[in-house]
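In what follows, a structure is listed as structure tokens, so that the remarks can point back to it.
The values are calculated or read from the model by the stated rules, or taken from the named source; none is laboratory data. Being a predicted model, the structure only gives us computed values, none of them experimental. Please note: Cβ atoms are built from the backbone with ideal geometry, for glycine as well, and neighbour counts cover all protein chains shown. Ligands, DNA and RNA are excluded from the accessible area calculation, which covers all protein heavy atoms including side chains. Shrake-Rupley method; radii C 1.70, N 1.55, O 1.52, S 1.80 Å.
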Amino acid sequence: NRELEKEVGKRTAELEYLATYDPLTTLFNRRAILAFLEKELKPEHGSNRQLGCIMVDLNRFKQVNDTLGHAAGDQVLKEMAARIQECLRQGDVLGRLGGDEFLVVLPGADKEALSAVERRISALACRAGAGDATVVVTAACGAVDIPTGNTAPAATVLARADDLLYQVKRAGRQGSAIATFKA
């Protein structure tokens, strides 16, 4: 029975890990990062402190997959995930939404802190391939500053961050945009 209990415990831990983390980047997966954002936006959290949210999309990632292959794309995702993580403050949480999109939740971040993290992320670049086949992947960011006392719905915050992100992409891809959320 002890061996069986040990094996069940081991498999349960493995399943919990798979349900929470992205296997490629080892970041929170979509479900886990969205659950974290939801928790941070609840009145008992949101009414007591500011919150920031940054949506990140990798520029030219599709070109890496199309010209260099999916193994190169996977390497770019891992490298950019690690570089984004290095841009964060202690307590900030990064997750992979899917594909080449990431979400950063910044508990307690005022607009200045949010802007500083966003600038660091949008300055990132990663080279894939060599010679004429080199592709430089950069990051575009859309960020939402959620002031103290504002308990916005997560879907609304994400939609606003996504809108800002695509404004940046339409304006030339690299860079960032930030807005204060108003309910």
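In this structure, is THR180 hydroxyl-bearing (Ser, Thr, Tyr) and modelled with pLDDT of 90 or more? Show your work before the answer.
Details: hydroxyl-bearing (Ser, Thr, Tyr): yes; modelled with pLDDT of 90 or more: no.
No, not satisfied.
A single entry from ALA109, ALA113 fulfils the requirement of being assigned to a helix (DSSP H, G or I) and small (Gly, Ala, Ser): ALA113. Of all residues in the range 137-183, those being open to solvent by less than 50 Å² (accessible area, probe 1.4 Å) and among the β-branched types (Val, Ile, Thr) number 7.
Could you count how many residues in the range 114-136 are without any contact (Cβ under 8 Å) to a residue 40 or more places away in the chain and open to solvent by 30 Å² or more (accessible area, probe 1.4 Å)?
Let us first name the residues in the range 114-136 that are without any contact (Cβ under 8 Å) to a residue 40 or more places away in the chain, namely 116, 120, 123, 125, 127, 130-132, 134.
When the remaining residues are screened for being open to solvent by 30 Å² or more (accessible area, probe 1.4 Å), the result is 120, 123, 125, 127, 130-132, 134.
Of the residues in that region, 8 qualify.
Go through the residues of the range 112-131 one by one and say whether even a single one is polar (S, T, N, Q), more than 11 Å from the chain's Cα centre (by Cα) and farther than 25 Å from GLU38 by Cβ. Steps first, answer last, please.
Start the filter on the range 112-131 by keeping residues that are polar (S, T, N, Q), which leaves 115, 122.
Cutting the leftovers down to more than 11 Å from the chain's Cα centre (by Cα) gives us 115, 122.
Right, trim to farther than 25 Å from GLU38 by Cβ and you get 122.
Yes, the range 112-131 has at least one match.
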